[in-house]
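Following: one structure in structure tokens, then a few remarks.
The values are calculated or read from the model by the stated rules, or taken from the named source; none is laboratory data. Computed from a predicted model, the values in this text were never measured in an experiment. Neighbour counts are summed over all protein chains in view; Cβ atoms, including those assigned to glycine, are modelled from backbone coordinates with ideal geometry. Heavy atoms of the whole protein, side chains included, go into the accessibility calculation; ligands, DNA and RNA do not. Shrake-Rupley method; radii C 1.70, N 1.55, O 1.52, S 1.80 Å.
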Amino acid sequence: MNDKSTQDNVIRETPYYERLQSTYRDHVNFTRYFAILKRIARRDPFIEKLEKNQGKELVYLGRRIFTLQDEFVTNYLKFLDDESNVDQWERFFERYSKHIFDIYQEFVGDVSANIAIFEIANRKLLRDIITTKVIAEPLERKILISERFGAVINQLFNYIRNSLTRRTVVVDNIIVDSYENIPFVPNAGHVETLRIMAPSFLRRGLPEPVFTAIMKGLVRLYYTDEMKKILDVINVLPSLSRKSLSRVFRARFFFPENESLDLIVDALQVRGRKLLSDISAKKRGITESMQNIRRKIAETTNIMSDSLINLAEDFSTEEAIENMVKRLHRTVIGNAYDLKILKWEYQECLEKENNVKEAMGYTPAHIAGFITRNEWDPYIMLVLHRSGKVDDGQLQFVIREAVNDIRNDTASQQTMNQYRMPALLSQKYDCSQIMLKYERIINEIIAPLVKCIMLEELVDYYPRLSDITTTEGIRFLGEEALAARVSIIEKDVDITPAEMPPPDAGTTRYRNMVSVLVYDIRGSTFMGAKLKNAEKESAIRSLFQESMLYVAEKYGGIPVKDTGDGGVIFFAKNHYDIKAEKTLHPEPGNMLPAVRCAIEMVQEAKLFVQRNIHRYHDWFREAEEREIDFEGATYARLPPSYQSIFQVGIGIASGHYPREVYLEKNAFGENDLTGMLVREANLYSTVKVKGKSTVICDDATIYNTLLNIDRFSFLSDAGLRIDPVQLNIQQGLEYWIRQRTTRKGFILDLHKIFVAQFGREMADSERLKIVLDDSDIVIDESSDIRLEKAERTKLLFEVYAEATR
């Protein structure tokens, strides 16, 4: 797999991308509605596509579609107002239908699934348009518009589908079984929708109020299967909280009675006791680690306090005391950061514990509050469960109550009189005949209506008629369009889908790793030559090393080796236990701390010069070159050779333990690292860029970071990030696609870190080497530079904290 394919797969696996997927593919509602659609609809290529994508279908509609459909609705409503203008309407319709046919035909091509996608997206758009135009119309007018408008739309699309059979296998089950059976009702609540469709109910033998009354009685019976599923899910929940329980109930159709709610309360008690036991064990481990750190702080402080007293008694140089003070400062600060992180973890445990205890205290009334009751859910339940039986006496009572409500509706009364039976004391109805009519309405009206609702829930068109598409929405749409996972009708956006690699399960290997950071102090040889004083050189170097180690320990790094002119730092998830010598077996994890550490080390190196530049006169007073006046000097005015003394080169290599790096005690009883990662990080640290410190990481480090952060964007020749909300959706899409296709790296937005592709690491049997991008220059381990070509093994990235163009 090549570099781009690997990056594309990593991007697809990132938490950020998965969150966008969950939001805009709407996984919760997709899971909820798609499972139902599969059960009640005939097999169709569109259903097969949804099943493959496991998310809502996203459709981009061009501007001409919006214009055409708005004109269509406007002109047809005018025609209904004055049907004498039939010639004008027919001329418009002929022109409109030709444009729609051409667009429909071009989009569908030879892909059968595109038939349903085109019609659902356009019907959803038409429904939104017509809703805005008839919202204030009286009920009788809405009934007329719904029935007439539905007939025209069905006639048009049916004609187009029949015409397409000459070149395409047309499978239109999903459309025929839904839209073509019912009026085209504007967006409305279920009460108004059923009122608009009341004439259809009456034509099939039941007034709408009677049907609704029977439906309410039956729907209470349909929850047993979902109840069992909910209990099974609760028994394996990794956490109990309002959020987790809300997710459980949102994904299901559930209308429980009190006995069922009691069973859920009991299940929460059982699961809660198990989770509390696990949390208590984790709290004990964290408490023990914090006690060890506090003990270590006290011991270290006492030892260093004695050392400071000795240095004061035998005073020789300021640097020796300053080094000891900085070492004490570093040690305390490093332990303080460890304590801070452990306290965060302990607080998380307390929050989880409180959430569990809260859930264990829920009553049936609390559980009922979590249950999502979408207004169309009862109708979906009716379509799913056809075997419900109602006691005849109860049904007679329900019917009489409903008939009483329609006593002023002559047509409805006449219909119900057909079912009246002789009775002595009260009215009685032929329930068997009424239930036959009820089943007919379920089959011919409710089932098609439910299918329409679910189809339009499973397809989202963009740009939305009323909603503003967010920055993240535009970005996700651009990502998916580039990957050919958006259906584009009328291409007024410059999108050339890129060939995306198949999913690679291997990219998950980057999610948890260990890292080796090697830093090299620039100009140390020059400094030694100018000082000509080994004692002073050692004191100054130690002072600088304390600044570096302070940053490393702040981010959980484990100092392993002082190389004299640099150092080796190790990063692992369980750094507390390794530093406390509880274990020498590192646990892999998120290596973002290594990247952030490297950035801050560069910043700390610059601050070191700024804090100590006033001392250069003393430090370098024995230098032979007396032409430099350090009094009042600033960093910018220093000669380049002096500017580079405290610049650093940092290399980070990440991989897997113990195959690529191994931690053990050496012959002196100290921690030591061996393995390929040490060798690679050391090579990266030798990369020099004139006039600045450098941080070079391998691809594994960057991919691990992307797989463990909440947000990132692309670093691209198309420019730094702007807010696409300031653009229209077309411009925003084109912007994100340019960012994606011309990317040369990434921006870790929340941390303001820039990552730019730098070159490639090559390897052969004899040496490692770095090949710079766009050249054949090779830097090998001996720092020799020559021209050579070799086979790529790793991508390398430069990491920095300031944006450059």
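Numbers below:
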{"quantity": "Accessible heavy-atom area order of Thr686, Thr193, highest first, probe of 1.4 Å", "calculated": "Thr686, Thr193"}
{"quantity": "Alpha carbon centroid spacing (whole Å) that separates region 647-692 from region 40-54", "calculated": "51"}
{"quantity": "Area accessible to solvent at Asp377, 1.4 Å probe radius, in Å²", "calculated": "0"}
{"quantity": "Where Rh is the Kirkwood radius over Cα pairs, Rg/Rh for region 344-486", "calculated": "1.19"}
{"quantity": "Solvent exposure ordering (accessible area, 1.4 Å, most first) of Met304, Met601", "calculated": "Met304, Met601"}
{"quantity": "Cβ-derived FRET efficiency at R0 22 Å, Val111 paired with Leu465, nearest 0.05", "calculated": "0.30"}
{"quantity": "Sequence of Asp110, Asp710, Asp26, Asp392 from largest to smallest accessible area, 1.4 Å probe", "calculated": "Asp110, Asp710, Asp392, Asp26"}
{"quantity": "Shape box of region 226-350 [Cα atoms, principal axes, largest first, Å]", "calculated": "84, 23, 17"}
{"quantity": "Approximate shape of region 645-755 as ellipsoid semi-axes (Cα gyration tensor, √5λ), whole Å, largest first", "calculated": "37, 17, 11"}
{"quantity": "Amide H contacts of Phe758 (H built 1.01 Å from N, under 5 Å, at least 5 apart or other chain)", "calculated": "Leu796, Phe797, Glu798"}
{"quantity": "DSSP-loop GluC sites (Glu not before Pro) across region 1-106, with at most 12 other Cβ within 10 angstrom", "calculated": "Glu83"}
{"quantity": "Dipole of region 18-166, positive end: most advanced residue of Ile130, Val111, Phe92 [Cβ charges, Cα centre]", "calculated": "Val111"}
{"quantity": "Rg(Cα) / (2.2 N^0.38 Å) computed for region 279-320, rounded to two decimals", "calculated": "1.90"}
{"quantity": "Euclidean distance of C-alpha centroids, region 549-587 and region 302-380, integer Å", "calculated": "19"}
{"quantity": "Debye log10 I(q)/I(0) at q = 0.25 Å⁻¹ for region 77-149, Cα point scatterers", "calculated": "-1.17"}
{"quantity": "Expected-Rg normalisation [2.2 N^0.38 Å, Cα atoms] applied to region 322-367", "calculated": "2.11"}
{"quantity": "All-pairs alpha carbon distance profile, region 45-200, 5 Å steps from 0, percent", "calculated": "1, 8, 17, 20, 20, 16, 10, 5, 1, 0"}
{"quantity": "Amide H within-cut-off set for Leu715, under 5 Å, with H built and near neighbours excluded", "calculated": "Lys744, Gly745, Phe746, Ile747"}
{"quantity": "Förster radius 60 Å - calculated FRET efficiency between Asn258 and Arg63, Cβ distance, rounded to 0.05", "calculated": "0.65"}
{"quantity": "Alpha-carbon centroid distance for the pair region 92-144 / region 392-431, whole angstrom", "calculated": "41"}
{"quantity": "Where only alpha carbons of region 1-121 are counted, the Rg and the Dmax (Å)", "calculated": "20.1, 67"}
